[in-house]
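Structure first, then comments.
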Amino acid sequence: MINRIDSAIDVTAAIVEGIHADQLPAPSLCSGWDNRFELNHLVGGMRIFAGELSGASVDRDHHDDWLGADHHAAFKTAAELDRAAWHRPDALHTTVHLGFGRVPGHLAALIHLTEVVVHGVDLAVTTGQEELVDQRQCAELLDTMRDMDFGAFRRPGMFGPELAAPDGVAAHWRLLAFVGRDFGDTWMGSRIG
């Protein structure tokens, strides 16, 4: 699982590096959010996970301003802290406090992997960088989600209801449809085949 988190951080880092400041105000795939809010949510989550895993006090809220004036530097710092925290020997054997309660380390790792992959894909789509998405990573995460009781994560409103994805769309579109991202009537357009 730690290797999967490392890979997700690497892929998302490349996507974030390609986000220009003028793309931050554009709408996100998360309803009511823009790209800046979504990236800030991701960076804040990474910093909070890192703090929880390393026992450091994090006295900031998930949606405080974690990006400041340099979203690239903010993500890089978060990625370094996050990666180091997950590589602690006890990371998968600890209990992590999340906004909805305490969860065992192995489940926290899966939740975190989901956050990094899905938000990375969201940002790749909205900033025109789909070629950077790791299709195998998306397919593996989708298989993992389908093998568990994912409804538990839909109930608190963390993800929307699954949408139907047509045959032939890339794995990242199937993943986004599974977590309820709504692209309207045209989202599948040229992405089949």
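Okay, residues lined up against (1) crowded, with 17+ Cβ neighbours inside 10 Å; (2) touching a Phe, Trp or Tyr at 6+ places or on another chain (Cβ under 7 Å); (3) not β-branched (V, I, T):
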residue	(1), (2), (3)
H106	no, no, yes
V121	yes, no, no
T126	yes, no, no
E140	yes, no, yes
T144	no, no, no
M148	no, no, yes
A165	yes, yes, yes
Handout entry: In the stretch 55-79, the residues that are surrounded by 14 or more Cβ atoms within 10 Å (Cβ to Cβ) and free of Cβ contacts under 8 Å to residues at least 40 places away in the same chain
Key = V58, H62, W66, L67, A74, T77, A78
Exercise for the section: For the stretch 139-166, name all the residues that are at pLDDT 80 or above, part of a helix (DSSP H, G or I) and either closer than 16 Å to L107 by Cβ or under 15 Å from the mean Cα position of the chain (by Cα) (or both). Expected result: A139, E140, L141, L142, T144, M145
Practice task
State whether one or more residues within the stretch 45-62 are modelled with pLDDT of 95 or more, part of a loop (DSSP other than H, G, I, E, B) and either more than 15 Å from the chain's Cα centre (by Cα) or closer than 23 Å to A139 by Cβ (or both).
Solution key: no
Handout entry: Residues satisfying the stated conditions in the stretch 8-37, i.e. within 15 Å of D70 (Cα to Cα), of a type outside the set (A, V, I, L, M, F, W, C) and crowded, with 20+ Cβ neighbours inside 10 Å
Key = N35
Practice task
Please work out if D82 is on the phi < 0 side of the Ramachandran plot, of a type outside the set (A, V, I, L, M, F, W, C), under 15 Å from the mean Cα position of the chain (by Cα) and at pLDDT 90 or above.
Solution key: yes
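Would it be correct to say that I15 is outside any loop (DSSP other than H, G, I, E, B), over 23 Å from D182 (Cα atoms) and β-branched (V, I, T)? First the steps, then the outcome.
Working: outside any loop (DSSP other than H, G, I, E, B): yes; over 23 Å from D182 (Cα atoms): no; β-branched (V, I, T): yes.
Taking the combined requirement at face value, the residue does not satisfy it.
The values are calculated or read from the model by the stated rules, or taken from the named source; none is laboratory data. Quick caveat: nothing in here was measured; it's all calculated off a predicted structure. Backbone-built Cβ (ideal geometry, glycine too); neighbour counts: all protein chains shown.
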